[in-house]
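Heads up, the thing below is written out as structure tokens.
Please treat every number below as a calculation from the coordinates, not as lab data. Nothing here was measured: the structure is a model prediction, and the numbers come from that model. Note that each Cβ is placed from the backbone with ideal geometry, even for glycine, and that neighbours are counted across all protein chains shown.
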Ligand SMILES: C[S@@+](CC[C@H](N)C(=O)[O-])C[C@H]1O[C@@H](n2cnc3c(N)ncnc32)[C@H](O)[C@@H]1O
């Protein structure tokens, strides 16, 4: 295993997309030196967000077809936010083995395997929470078993971006640690009960590292990230379209909407269009946070912003810049990037502040402990 003795810790970012995992990791002091993604459009947006980073190489290409000389041989951490399409409830649920997109996970395992003794000490995976239950838990078990086979013990965490940002975005994080690991045995809210069957599976090598409490879940904050869109701006929907929007609300939704409409201040909400019994209906969130952003493919993936109060209502699509802010990249410059590419890139990404929290509270402490102790495999209590 790669065993650097001190920071800066080096990161290889697999399935890097627009690079928001790297943004979070860099904020915690790590150095991203290698990235790979198959999508050129994602790389274009990555460059726009990051410019040229010294000492960093981004390879655009299919991970399954990279030559061994292209692989990152001196990383301390490998991050992999692999595709969720076949694991998410909204997707096919074809799973980790048969799903064309999510089976790219096995390219990652092959790459780690090809690195041999140069494998990183730590790995971190990110995906939707449905990964934990895909194919009755068999998918995650085979993923963990393959990581165990490469020498990693695995910890499983569920973190909602709403702890950090006004967006509901629950995600699963797997942290693989090579060698012996600290196991305080505590679940905490970060390891909810539905993860218990994975920890209880005697065929898997898992551990639970002690972690601080996450910040409280946010129920407000949407208004602060919204762009100022002026009265005459044609992004606000025409009156007739807003009337159709209101007309489509269910009875319960309408009662809530009417209460906001009668308010003496403006309220800001997000709304999604859903098919209910074959009828398209808009659904407005009850809290002041956005629903989970999705990559743009199909009509139901985009969210609308609703301003309501003083007896009036305006509705528009959420802007690409609002997507960027909700993913933790509020200073992104998106001029020249098509709306489609921005929605796809940010909707598919990982929230940078969640990654930063995980890096500060878990990944960096593990790397530092490993560097303090020698030989490398005795840095902590056996799990
Ligand atoms: C969930 S996204 C990860 C996004 C990333 N964390 C970010 O912040 O933008 C999964 C990524 O895997 C990439 N991908 C899919 N198949 C791939 C393959 N065979 N080789 C490399 N990358 C692939 C997609 O283009 C997509 O960007």
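Before moving on, here are some points about what is shown:
- Most mobile listed residue (116, 179, 291) in the chain, GNM with C-alpha springs under 10 Å: 116
- Extending 7 Å from the Cα toward the beta-carbon at both residue 101 and residue 70 defines two label points whose distance is 2.1 nm.
- Normalising by residue count, the range 126-267 has a Cα convex hull of 188 Å³ per residue.
- Fraction of antiparallel bridges per DSSP, the chain only, in percent to nearest 5: 65
- In a fully extended conformation the segment linking residue 118 and residue 145 would gain 7.7 nm over its present Cα-Cα distance, using 0.36 nm per residue.
- Angle between the chain longest axis and helix 40-50 axis [Cα atoms, degrees, rounded to 10]: 90
- With one equal scatterer per alpha carbon and no solvent term, the Debye-computed log10 I(q)/I(0) for the range 311-361 at 0.15, 0.20, 0.21 1/Å reads -0.49, -0.72, -0.76.
- Between 0 and 90 degrees, the angle of helix 105-115 with respect to the longest Cα principal axis of the chain falls at about 30 degrees.
- Gyration tensor over alpha-carbon atoms, the range 141-223, equivalent ellipsoid semi-axes in Å: 28, 13, 11
- When each of the peptides 185-196, 317-328 is scored by the mean number of other C-beta atoms lying within 10 Å of its residues, the order from highest to lowest reads 317-328, 185-196.
- Debye intensity ratio I(q)/I(0), log10, the chain, q values 0.06, 0.09, 0.10, 0.14 Å⁻¹ (C-alpha model): -0.25, -0.55, -0.67, -1.21
- GNM top mover of 127, 36, 50 - the chain, alpha-carbon springs below 10 Å: 50
- Multiplying the residue separation of residue 276 and residue 224 by 0.36 nm and removing their Cα-Cα distance gives an extension gain of 15.6 nm.
- Relative to the longest principal axis of the Cα atoms of the chain, helix 251-261 runs at roughly 80 degrees.
- For the range 229-333: rounded, prolate or oblate by the Cα gyration tensor [a/c cutoff 1.5]: oblate
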